[in-house]
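Below: one structure, written as structure tokens.
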Amino acid sequence: MAFDILIDTYAIEGRVEGMIEKLKVVPVPAELTAWQREDMRRRFPYTEVINPTAARTLIYPRSRRTAGWLQTKRPPRPRKPVMRGKAKRIGRPILPASSRPILRPELFEQLRARMRDMMQREIKW
């Protein structure tokens, strides 16, 4: 006695293929750039697009404008004489580095909420 079980999967396969095609056009890079501009308040957000549905950004501990490796070489300026005694130097003070994490948990939660909202907005099964 032999039993044959036939399951028609063509309709399900077509639906899954449609879901995969929708996932290929989700605008992740655009949403990451919007998060950087609005939530992180970056003036010049940088988003590296890996593929249409994946992106990457770099988060620096301090401003890149003050980074030593980014500054161009300029000819040295003439130095002022060293002031000794009670005279004080006039210049920009060196501020201590911040002790908060590079990517604060609040910003990461905002990114997660943005991506969750984008997925609900873009993907309709």
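Results for (1) closer than 24 Å to W125 by Cβ; (2) part of a helix (DSSP H, G or I); (3) in contact (Cβ under 8 Å) with a residue 40 or more places away in the chain, shown as yes or no for each residue.
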{"position": "D8", "(1), (2), (3)": "yes, no, no"}
{"position": "V16", "(1), (2), (3)": "yes, yes, no"}
{"position": "P29", "(1), (2), (3)": "yes, yes, no"}
{"position": "T33", "(1), (2), (3)": "no, yes, no"}
V25 passes all but one of the listed conditions (1) part of a helix (DSSP H, G or I); (2) closer than 14 Å to M119 by Cα; the exception is number (1)
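Could you run through the stretch 16-45 and say how many residues are of a type outside the set (A, V, I, L, M) and either surrounded by fewer than 12 Cβ atoms within 10 Å (Cβ to Cβ) or touching a His at 6+ places or on another chain (Cβ under 6 Å) (or both)? It would help to see each step written out before you state the result.
Applying the first criterion (of a type outside the set (A, V, I, L, M)) to the stretch 16-45 yields 17-18, 21-22, 24, 27, 29, 31, 33, 35-39, 41-45.
Then keep just the ones that are either surrounded by fewer than 12 Cβ atoms within 10 Å (Cβ to Cβ) or touching a His at 6+ places or on another chain (Cβ under 6 Å) (or both); that gives 17-18, 21, 24, 41, 43-44.
Of the residues in the stretch 16-45, 7 are of a type outside the set (A, V, I, L, M) and either surrounded by fewer than 12 Cβ atoms within 10 Å (Cβ to Cβ) or touching a His at 6+ places or on another chain (Cβ under 6 Å) (or both).
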Determine whether the stretch 36-47 contains at least one residue that is in contact with a helix residue (DSSP H, G or I) (Cβ under 8 Å, 6 or more places away or on another chain), more than 17 Å from R112 (Cα to Cα) and part of a helix (DSSP H, G or I). no
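Restricting attention to the stretch 24-77, which residues are among the hydroxyl-bearing types (S, T, Y), modelled with pLDDT of 70 or more and within 20 Å of E106 (Cβ to Cβ)? Spell out how you get there, then give the answer.
Filtering the stretch 24-77 down to residues among the hydroxyl-bearing types (S, T, Y) leaves 33, 46-47, 53, 57, 60, 63, 66, 72.
Right, trim to modelled with pLDDT of 70 or more and you get 33, 46-47, 53, 57, 60.
Result: T33, T57, Y60.
The values are calculated or read from the model by the stated rules, or taken from the named source; none is laboratory data. Treat the numbers as computed from the prediction; the structure is a model and nothing was measured. When we count neighbours, we look across all protein chains shown, and the Cβ atoms used for this are built from the backbone with ideal geometry, even at glycine.
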